[in-house]
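Readers should treat all values here as calculations from the given coordinates under stated rules, not as data from a laboratory. Treat the numbers as computed from the prediction; the structure is a model and nothing was measured. Cβ coordinates were reconstructed from backbone atoms using ideal geometry, including for glycine residues, and neighbour counts include every protein chain displayed.
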Amino acid sequence: MNLLTSIKMAFRTIRGNKIRAFLTMLGIIIGVSSVIVLVAIGQGSSQSVTSSINSLGTNLLTVSISDTDTPFTQDNIDEIKKMNTVKNVSPVLSSRLSLKNGSTTSTINVTGSNASYKSVRKLSISNGRFISDIDLDYRQKVIVLGSTTAQTLFGNKNPINQYVLVNGDRYKVIGTLTYKGGSNGQSNDDTAIIPFTTAQRLMQTTHITQFYVQATNSNMVNFAMNQLSRYMIQVYGDSDSFSVVNQQDVMNTMSSVSDTLTMLLGGIASISLIVGGIGIMNIMFVSVTERTREIGIRKAIGAKRKDILTQFLIEAIVLSIIGGLIGIGLGLGITKLYAIFSGGTVVYSLSIILYSFLFSAIVGIIFGVFPANKASKLRPIEALRFE
Amino acid sequence: MIETVMSMNNISKSYKMGESTVQALDHISLTVSRGDFLTIVGPSGSGKSTLMNIIGCLDQSDTGEYILEGDEINKLKDRYLATIRNKKIGFIFQNFNLLGKLSAIENVELPLIYRGVKANERKEMALSCLNQVGIGDRASHLPNQLSGGQQQRVAIARALAGNPPILLADEPTGALDSRTSQEIMEVLHNLNKKGHTIILITHDLNVAKQGKRTIRISDGKLYEGGDVNHEFVNIH
Ligand SMILES: Nc1ncnc2c1ncn2[C@@H]1O[C@H](COP(=O)(O)OP(=O)(O)O)[C@@H](O)[C@H]1O
Ligand SMILES: [Mg+2]
């Protein structure tokens, strides 16, 4: 008997008992689709973490000061800027404020900083210009809008040289930022930037409590960190009054956490694939017992052991392959729905899809072998006598 | 010249049941010529099924020699028996033993599938067998859509499909009423007239008497000749 005939015969049997076939496949369907969904979501979150690293820059240090008794001033900033490992320094002062254009209001995070902030945060200007050091010197009431903010307040009109009200004061829009995307808590687009000195006045504070330091390159981050810590200890006398955080370290940790999570989810889902395979085995065993008489008849009219073995094995494989295909369809569908409804990033990985499909086929072979072997070993006389 | 299809010489088979041994077949010798219609009759437990299993190559004897169309079956390994069954034996069972999920014609095709015959040729051969037993118009029916007599005709067509040298029937009319039984016997007679060799096993004397040659079996031994009626009564 050739393979094609065997496969046809398997389809014939499967069609003859659709509900059982479906129940047999259910484990595989659930297994394959959950592998695909969970890995797609896991890899998606990994990817959004990675893109956050890139958007923040890999040579970024964040310094936060908790001691408010010792003032940290522009002079300190200038001294840090002179260090050979440091390229740029940007003090920041942030607050959630309401921006108003006519009757349109948008409440967003407004950051006060200097001209270097653009390079430090890897921002780019789509329209107009960024704030300059002269704006800081004269405490200019100028503002650079994030792309979403500009869209909210001005729609499709050009906001440049228009005015927005910030806490009742008129600020001139001098530029808008390019759309950055990415979803990692703080949005890069739902924002506005004003000169640092203007922000100090607006938020009524003279202290600098947070600033970004950009190392000359990513290899120098650790040197910069050491040099910076030494300087800060000099200023504050101890290391408890401030913290220096390496952006790269944070992101590495987050990304390794999310990688581990992906592996964990994929692993759990793979276990469900094996459970699905055991399901196939169970039902195939039941099927062998139920079809003992059929096996006897087939053997009596000339089926060899090999014929019966391939028949049952192919049935198991066909079932698991159909189950695998349905699982892939379902998995991709669910992933798509998840992406649409949650807005989260998902990554479809062809290799994972192929892997889970192959895995389901292999599971079919492995768990099909035992029942098929049992069937093929039945002695025809006893099988014929079976009621 | 009469050609021998199969011959058995001193065939014995016993079953162990714990301590005791049942001698199901006791030194049986039997020769069947081509074109014969042999009936083997005996009461329940006399060894009919055991004999049928050995003739049909479903089982092998403990001792003795069994030659089927020149092949020494008793010397063959188990795995060659499937091929022998497929090529040399057409089984007809008491309870038809059709596959319920397959249509009449698909059932008839089955022995040809295991022989590796191509689909077109297979369908043609199967249909011609169904026509031979007068049921060609029911080719696409499932067994449960057919009466007992019709199912047995399908089973006979399946036995015929591979054109085996021997048709082996075990109580083929056992599950049928007397009129249908007679119809089935006529089908078998017609096949015999066309040259098919038939061995029929039964416990029913009226069926047994319709063979060209009748052999009685009792306690695993064969008795040939004499008044069948008389001897059979004596066995009881
Ligand atoms: N598989 C078996 N195991 C043990 N004893 C058996 C087996 N098959 C048949 N027998 C015994 O062999 C004898 C002949 O049985 P069988 O050939 O089935 O007779 P019949 O078909 O004429 O009724 C009986 O005594 C039966 O109990
Ligand atoms: Mg019997």
Original post:
So for the pair A:LEU3, A:ASN217, with labels modelled 7 Å out along Cα→Cβ, what separation do we get in nm?
Top reply: 5.5
Subject >> Exercise: per-residue mean of other protein chain Cβ atoms within 10 Å, A:204-213 >> reply: 0
Subject >> Cleavage-rule hits (chymotrypsin sites (Phe, Trp or Tyr not before Pro)) in the stretch A:330-387: DSSP loop, at most 16 neighbouring Cβ within 10 angstrom >> reply: A:TYR348, A:PHE386
Original post:
Can you give the Rg to Rh ratio of the stretch B:4-234, both from alpha-carbon atoms, with Rh computed by the Kirkwood formula?
Top reply: 0.97
Original post:
What number, in percent, do you get for the relative contact order of the stretch A:27-170 if the mean sequence gap of Cα pairs under 8 Å and at least 6 apart is divided by its residue count?
Top reply: 20
Original post:
Once Rh for chain A is found with the Kirkwood sum over Cα pairs, what is the Stokes-Einstein diffusion coefficient at 20 °C and 1.002 mPa s, in µm²/s?
Top reply: 83
**OP:** Using a/c under 1.5 as the rounded threshold, could you call the stretch A:73-208 rounded, prolate or oblate? The axes a ≥ b ≥ c are square roots of the C-alpha gyration tensor eigenvalues, and prolate needs a/b larger than b/c, oblate otherwise.
**Re:** prolate
Original post:
Magnitude of the Cβ-charge dipole of the protein assembly as shown, K/R +1 and D/E -1, about the Cα centre, nearest 20 debye?
Top reply: 1360
Original post:
To the nearest 20 debye, what charge dipole does the stretch B:4-234 have about its Cα centre, counting +1 at the Cβ of each Lys and Arg and -1 at the Cβ of each Asp and Glu?
Top reply: 660
**OP:** Give the Cα extents of the stretch A:188-251 along the principal axes, in whole Å, largest first.
**Re:** 34, 32, 19
Original post:
Hey, got the average number of other protein chain Cβ atoms within 10 angstrom for residues in A:14-20?
Top reply: 1
Original post:
What is the P(r) of the stretch B:1-130, as percent of Cα-Cα pairs per 10 Å bin from 0?
Top reply: 11, 34, 33, 18, 4, 0
**OP:** Compare the Cα positions of A:THR107, A:GLN311, A:SER64 along the charge dipole of chain A (+1 at Cβ of Lys, Arg; -1 at Cβ of Asp, Glu; about the Cα centre) and return the one farthest towards the positive end.
**Re:** A:GLN311
Subject >> Selection of trypsin sites (Lys or Arg not before Pro), the stretch B:1-110, meeting DSSP coil and at most 15 other Cβ within 10 Å >> reply: B:ARG34, B:LYS77
Original post:
Separation of the stretch A:206-273 and the stretch B:98-163 by C-alpha centroid, Å?
Top reply: 77
Original post:
Under the definition of partner shielding as Cβ atoms of other protein chains within 10 Å of a residue Cβ, what is the mean value for peptide A:301-312?
Top reply: 5
**OP:** Name the residue farthest towards the positive end of the dipole of the stretch B:1-160 from the options B:LEU30, B:LEU102, B:GLY56, assuming +1 on Cβ of Lys and Arg, -1 on Cβ of Asp and Glu, about the Cα centre.
**Re:** B:LEU102
**OP:** Over the stretch B:30-173, calculate the relative contact order: mean separation of alpha carbon pairs under 8 Å at least 6 apart, over the residue count, as a percent.
**Re:** 30
Original post:
Is it possible to state the helix-based mean residue ellipticity at 222 nm for the protein assembly as shown, with each DSSP H run of 4+ residues giving -39500 (n - 2.57), the sum divided by total residues, to the nearest 500 deg cm²/dmol? What is it?
Top reply: -16500 deg cm²/dmol
Original post:
Looking at the stretch A:68-161, which trypsin sites (Lys or Arg not before Pro) are DSSP coil and have at most 16 other C-beta atoms within 10 Å of their C-beta?
Top reply: A:LYS82, A:LYS122, A:ARG129, A:ARG139, A:LYS157
Subject >> Separation in nanometres of the label points that stand 7 Å from Cα toward Cβ, at B:ASN95 and B:TYR223 >> reply: 3.1
Original post:
For A:LYS81 and A:THR289, FRET efficiency with R0 = 51 Å and r from the beta-carbon atoms, rounded to 0.05?
Top reply: 0.05
